[in-house]
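Notes follow the structure.
The values are calculated or read from the model by the stated rules, or taken from the named source; none is laboratory data. Computed from a predicted structure; not experimentally measured. In this analysis, Cβ positions are derived from the backbone assuming ideal geometry, glycine residues included, and neighbour counts consider all displayed protein chains.
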Amino acid sequence: MNLTFKAGDMTIHRIIEMECGFTPALEFLPGLTPEVLEENRSWLSPAALDANDNLVLCFQSYVVQTGKHNILVDSCVGNDKDRAARPLWHKKKDDAFMRGLAGAGLTVNDIDFVMCTHLHVDHVGWNTKLENNRWVPTFPKARYLFSKTELDYWLAENAKTAIAPIVDSVIPIVEAKACDLVTSDFALNDVVSLIPTPGHTIDHYAVQLGRGGRDAVITGDLIHSPLQARYPELAMRVDYDPKQGAATRRKFLESYCDTNTLCCFAHFPSPSRGYVKRWGDGFKCDYVTE
């Protein structure tokens, strides 16, 4: 499996932390019925649906090398974090993420920007690492780009009741003065820009690459499973605004359908990237493996 590929003049690396059957499909997508799951089993299994009817999800970051900057999009789960509700993630100590980074020829010191599409637990984990019993930025030379609206929302929620990933993976970045607060339509330069894709969270963004955003797009969590491509109205269980999320998803897929823009999906099973094609009233990903 090729984890490094080109998009226009840019090189993109997939940094995979884990890929596995994760949550029962009917639980992860509450609007999904057993009948519809059964209708789609033949094409979902085994790549996107395991033998226990768990959706197979890939937890990964994308590193974009533009020639000027190395940009990490989302930072996965992280190590040493208190995630008691998720035994697979709780106090994790493996080296998968760092091995993936090294496999791309990079170290933590090579990352110039960390773009967090949103501030959920599996997208901020490697923002920080445990050092002398303190959470410090994992990427010491990077500027972390947070949506101001997204950050403000989560800080307010955390003020009501402590939210572990905000406490250990977001607030330490703010306190280190390592973050820049942006709008979800921010442009880093003429080849890297954000597009607002709200619904899963209050101000989720996707990342466009290439002039005019035509070469590639990194989705973040506006979509989790290929089932949501075929049925864009299927909401994920923790969507902030399920109706807005569905509208965002359909608009996004319609926008990229039958174009030459490579779509890099955050959680689709490997190879996780391809071109959006129409499938009845929905869509599918025509995967690219090279």
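The figures follow:
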quantity	calculated
Residue match in the range 136-143 (condition: at negative phi, surrounded by fewer than 20 Cβ atoms within 10 Å (Cβ to Cβ), part of a loop (DSSP other than H, G, I, E, B) and without any contact (Cβ under 8 Å) to a residue 40 or more places away in the chain)	yes
Residues being under 13 Å from the mean Cα position of the chain (by Cα) and more than 20 Å from His90 (Cβ to Cβ) - total across the range 14-34	2
Residue within the range 240-261 that is in contact (Cβ under 8 Å) with a residue 60 or more places away in the chain, surrounded by fewer than 17 Cβ atoms within 10 Å (Cβ to Cβ) and not aliphatic (A, V, I, L, M) present	no
Residue match in the range 185-192 (condition: under 25 Å from Lys243 (Cα atoms) and either small (Gly, Ala, Ser) or surrounded by fewer than 22 Cβ atoms within 10 Å (Cβ to Cβ) (or both))	yes
Residues that are crowded, with 17+ Cβ neighbours inside 10 Å and over 17 Å from the mean Cα position of the chain (by Cα), drawn from the range 268-278	Tyr275, Val276
Matching residues, the range 102-135, being β-branched (Val, Ile, Thr) and either over 21 Å from Val207 (Cα atoms) or without any contact (Cβ under 8 Å) to a residue 40 or more places away in the chain (or both)	Thr107, Val108, Thr128
Hits in the range 132-186 - residues which are within 25 Å of Gly199 (Cβ to Cβ) and among the small types (Gly, Ala, Ser)	Ser147, Ala156, Ala159, Ala164, Ser169, Ser184
Some residue of the range 139-150 being farther than 15 Å from Asp168 by Cβ and either over 19 Å from the mean Cα position of the chain (by Cα) or modelled with pLDDT under 95 (or both)	yes
Single residue of the range 99-135 satisfying the filter (charged (D, E, K, R) and under 17 Å from Phe59 (Cα atoms)) that is surrounded by the fewest Cβ atoms within 10 Å (Cβ to Cβ)	Arg99
Selection within the range 75-112 - of a type in the set (D, E, K, R) and within 18 Å of Leu130 (Cα to Cα)	Asp80, Lys81, Asp82, Arg83, Lys91, Lys92, Lys93, Asp94, Asp95, Arg99
Test: residue in the range 163-178 that is assigned to a loop (DSSP other than H, G, I, E, B) and charged (D, E, K, R)	yes
Residues satisfying the stated conditions in the range 226-260, i.e. polar (S, T, N, Q) and touching a strand residue (DSSP E or B) at 6+ places or on another chain (Cβ under 6 Å)	none
Any hit, the range 219-229, residues being of a type in the set (D, E, K, R), at pLDDT 95 or above and surrounded by fewer than 22 Cβ atoms within 10 Å (Cβ to Cβ)	no
Residue match in the range 148-168 (condition: out of contact with any His (no Cβ under 6 Å at 6 or more places or on another chain), more than 23 Å from Ile223 (Cβ to Cβ), of a type in the set (Phe, Trp, Tyr) and crowded, with 20+ Cβ neighbours inside 10 Å)	no
